[in-house]
Amino acid sequence: MTSDPVTTTPDPQAVAADPVATTSAPAATISNPVTISSVLVANRGEIACRVFRTCGELGIRTVAVHSDADAHALHARVADTAVRLPGAAPAETYLRGDLIVKAAVAAGADAVHPGYGFLSENADFARAVLDAGLVWIGPAPEAIEAMASKTRAKRLMGLEPLRPQDVTEADLPVLVKAAAGGGGRGMRVVRRLEELDGALEGARAEAASAFGDGEVFVEPYVENGRHIEVQILADAHGTVWALGTRDCSLQRRHQKVVEEAPAPALSEDLATELRTLAVRAARAVSYVGAGTVEFLVADGRAHFLEMNTRLQVEHPVTEAVFGLDLVAEQIRVAEGHALPQEPPRARGHAIEARLYAEDPANGWTPQTGTLHRLAVPAGVRLDTGHGDGDEIGVHYDPMLAKVVAHAPTRAEAVRKLAGALERATVHGPPTNRDLLVRSLRHEEFTSARMDTGFYDRHLAALTEPAPDPHAPLAAALADAHGRSRFGGWRNLPSGPRTKRYAMAGEEHEVHYHHTRTGLAADGVLVVHADAHLVILETDGVRRRFEVARYGDQVHVNNTTLTALPRFPDPTAHRAPGSLLAPMPGTVVKIAPGLVTGSSVRAGEPIVWLEAMKMQHVIAAPVTGTLTALPVTTGKQVEVGMVLAVVRETPDPHAKESQ
C-alpha cells in the first residue's frame, strides 16, 4: 500500500541536522497574536468531544454543529452552544462547508477547528473560514492543497503515481486509493487485471461519499510492511517539531485498529531518517500546525505514503509519551504564539486501541443498536463521542471509543491496555473488544513482529468463539432472582426450571432449582445470586459474574447472550438461499442486468450496501437462480431484511473443472 520508495538521503537545504526540532526562517506570514475565545468544531463524535475538553480547560467557549441524526449526540450535548445543520442528508451534512461557516458566524465563534475526516483537509473550506474573518486552527490552505491530495503530495516528494490506464500484469498487485481523505475509505487491493475497473468504480463512489471528492489513483501494493508515521508540529516562526514515531500496523480494511508510540523495533538510523523526511515534507509546504507524515517500512526501506494535514485519530499516544496536549498546541500556534525551540523529552510507551461496533468474524460488518453502558477501569484514558444510552446508527463511522494506556515500558503498556479492555464494561451492539484483547496478547504483537498483514494471517484464530460456559447459568439465576420476590420455593418437590439462551451462535439450555435456602444448580454451588451479581463455586474456586439485562439482551461479564422464548417459534423461517442485510444501510447498487430468473454463480456480487460511509458487497452464497429481488437502488434496509433469494442449482461447469 505504497508508492516507490522515496530517496532517503536528507536534503541539507531542507532540514537541519537534528530532525526532532528545527528552526529556520519563518514558515508563514506572522500577524499580531490573537486571542481565541470561542471555537466551533466542524466535526462530530469523539474528535469534537476531544477538542471541547481542551477548550474547556483553556476557558474557551465551544460550539457544536450537528445533523438531524446527531441532534442528541454527545458532542451536541456537551458543547456550550449547538447549531443544527439543515437540509443535507446525514452522511453529507458535515461536508457542507457553507453551512458550517454560517453556523460559526451565527454562534459568535471566532475560530474553527476541523477535527479529522470530513472537511479537515479541504483547502476551499479553510479559505472560506478565513474569508469569513475567523481563525482557522490548521495549516494554510496552500499547504492543505499541496498535501491533502495524495497524488500532489507524491509529486512534491519526487514520486509519480501510476495512471490506471497504464497498469499491466507486471504491476500487480496494486492499490486503488482515494486522493483525498483517509480512514481506509476509497481503497481497494487489486490482484487481477480484470478486477481493476470494478475497484476503481467502487473506490470512487466510496471516496465521493466520504470526502466529497471521487478522485482516486493507483500505486504498487507493498504487502506485509509496517505502517509507521511521524507527528509534526510547526509554528509560524520557523520551528518544526518531529514528535517521534508511531506504529499503526494493526489494520482492518486499511483502517488502523491499534497504534503505539514510539514505533518499536526500529533502528535509530531508520527512526532518524523518518523524522528527517517528515520535517522535509513539512518545510516543503511551509507547514504550520499539527500534521502527520506516513510511511510504509519494508525491508529496511522507507516508502512515503502521504502527509495528513490535520490531527490524527491516534494522536493521544504521542500526547501520552511527550506529555503534551496537541489540541492546546494547535490553538496556541493558531493564535500566533511560537513553540519552544525544543520539544519535551519522550517518556515511556503508549498504546491505543480503537473500540468499534462491528463483527470482525463476519467481514468486519458495522453493528448498530443502543450503547447501554461504556466504562473502563481507572488508569487508562478513554476518548469517546458516545454516552450511555446513545444509539449507534448507520450514518457514521462505527468507532465507539479509543482506549489508551501509558507505562514506563512497552511490555507494561501492552499488559495494562489488554487488562483494561478485558475488564471494561461494554453493553450494547457487538464490538471488537475480544479481538483487541487477543491481538494485544498475541506473541507476534508482544514481540513487535507485527505488520499490516497481521489480521490476514490471524483473524480466524483471533475471532474463534470462546464464550464462558457458566454464563447462561449465571444469566438464568440472576433473572430468576430478579423476577421472584419470594424466591419461588414450593413446599412440594417440583421439577427444575429451564431457560434458553443464544450464545456465540449456539443455543444453550440451563436448569436450576428453587430450594429452602435459595437457588441451586447441579454440579455447581450457588454462593450468591441477585439480579446483578452471581457467585458460583466449582471445585473450590469461586467466580463472580456481573449480570446486566436490556430486554432480551443479557451481558454476563464479557459474554453477550440473547434470552430465547421457552418454546421456539415454528413460524420463524426464512426461505433457503435468502441473502439478508447484515446491517442497516442503503442499497446503492444492484448488479447490472440482474432480474428475477437470472442465473448467478457463487461469490458473484448481487447488491452493494452503503453503511457508515463504506460499501459492503452482498454476494450470491451458491450457484443458482435468482428467484427474488425485493430491493431497488436507494432503498433503506434494516438488519435481517431479505435483499435477494437464490435457489441453488447444479453448477454446469463443475464437472469441466474437475
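Every number here is computed from the coordinates shown, using simple stated rules; none is lab data. Quantities reported herein were computed from a predicted structural model and do not represent experimental measurements. Here Cβ is always computed from backbone atoms with ideal geometry, including for glycine, and neighbour counts include all displayed protein chains.
Residue-wise, which Karplus ³J(HN,Hα) couplings in Hz belong to the range 402-413, taking 6.51 cos²θ - 1.76 cosθ + 1.60, θ = phi - 60°, and x for glycine or proline?
Per residue, the Karplus-derived 3J(HN,Hα) values read 10, 10, 10, 10, 10, 8, x, 10, 4, 4, 5, 5 Hz.
If r is the Cβ-Cβ distance from Q341 to V105 and R0 is 35 Å, what FRET efficiency results, to the nearest 0.05?
For Q341 and V105, the calculated efficiency is 0.40.
If amide H atoms are built 1.01 Å from N in the plane of the peptide, which residues on other chains or at least 5 residues away come under 5 Å of the amide H of A619?
Here the answer is I606, since their amide H atoms fall under 5 Å of that of A619.
Please determine, in degrees from 0 to 90 and to the nearest 10, the orientation of helix 471-483 with respect to the longest principal axis defined by the Cα atoms of the chain, where the helix direction is its Cα long axis.
70
Output the peptides 546-558, 430-442, 307-319, 227-239 sorted from most to least packed, where packing is the average of other Cβ atoms within 10 Å over each peptide's residues.
The packing order, highest mean first, is 307-319, 227-239, 430-442, 546-558.
Work out from phi, with θ = phi - 60° and the Karplus expression 6.51 cos²θ - 1.76 cosθ + 1.60, the ³J(HN,Hα) of each residue of the range 344-358, listed in order in whole Hz, and give x for Gly and Pro.
x, 7, 6, 9, x, 9, 10, 9, 10, 10, 9, 8, 10, 8, 7
Rounded to whole Hz and in sequence order, give me ³J(HN,Hα) for the range 431-441 from the Karplus expression 6.51 cos²θ - 1.76 cosθ + 1.60, θ = phi - 60°, writing x for Gly and Pro.
Result, ordered by residue: 9, 8, 4, 4, 4, 4, 4, 5, 5, 5, 9 Hz.
Please give every one of the aspartates and glutamates within straight-line cross-link reach of K150, meaning a C-alpha to C-alpha distance under 14 Å, and leave out same-chain neighbours fewer than 8 residues apart.
Excluding near neighbours in sequence, the set is D4, E121, E160, D213, E215, E219, E294, E306.
Report the extension gain between R647 and A520 in nm, rounded to one decimal, defined as 0.36 nm multiplied by the number of residues separating them, less their alpha carbon distance.
Working it through step by step, the gained length comes to 40.8 nm.
So, in nm, how far is label N362 from label L382 when the simple model puts each one 7 Å beyond its Cα toward the Cβ?
If labels sit at N362 and L382, their model points lie 2.6 nm apart.
Please report the spacing between the Cα centers of the range 74-151 and the range 509-530 in Å, no decimals.
59
For mean projected area of the Cα convex hull in nm², one of (i) 27.5; (ii) 40.1; (iii) 33.7 was computed from the structure I shared and the rest are decoys. Which label?
Label of the calculated value: (iii).
Please list the equivalent ellipsoid semi-axes of the range 37-136, computed as the square roots of five times the alpha-carbon gyration tensor eigenvalues, in descending order and whole angstrom.
17, 17, 12
Remind me, relative contact order of the chain in percent, using alpha carbon pairs under 8 angstrom and six or more residues apart?
Here the relative contact order equals 11 percent.
Given contacts defined as C-alpha pairs under 8 Å and at least six residues apart, what's the relative contact order of the range 471-564, whole-number percent?
Details: 171 pairs, mean separation 27.1, N = 94.
Across the range 471-564, relative contact order equals 29 percent.
On a 0 to 90 degree scale, rounded to 10, what angle separates helix 268-284 from the longest Cα axis of the chain?
60
Between the range 283-349 and the range 221-257, how far is it from one alpha carbon centroid to the other, in angstrom?
First find each Cα centre; the distance between them is then 8 Å.
Can you show me the helix-derived [θ] at 222 nm for the chain, built from DSSP H runs with n ≥ 4 at -39,500 (n - 2.57) apiece and divided by the number of residues, rounded to the nearest 500. Before the final figure, lay out each step's value.
Values: 17 runs with 160 residues, N = 658.
The helix contribution divided over the chain gives -7000 deg cm²/dmol.
Pop the C-beta distance of A628 and Y550 into the FRET formula with R0 = 60 Å and round what comes out to the nearest 0.05.
0.95
At what distance in angstrom do the alpha carbon centres of the range 351-416 and the range 157-220 lie from each other?
29
By average Cβ neighbour count within 10 Å, what is the ranking of 282-294, 254-266 from highest down? Provide the component values of the computation, followed by the final result.
Working: 282-294: 24.6, 254-266: 21.8.
The most tightly packed comes first, giving 282-294, 254-266.
When the chain is fully extended, how far beyond the present Cα-Cα distance does A531 get from E507, taking 0.36 nm per residue of separation?
Gain in length upon complete extension: 6.4 nm.
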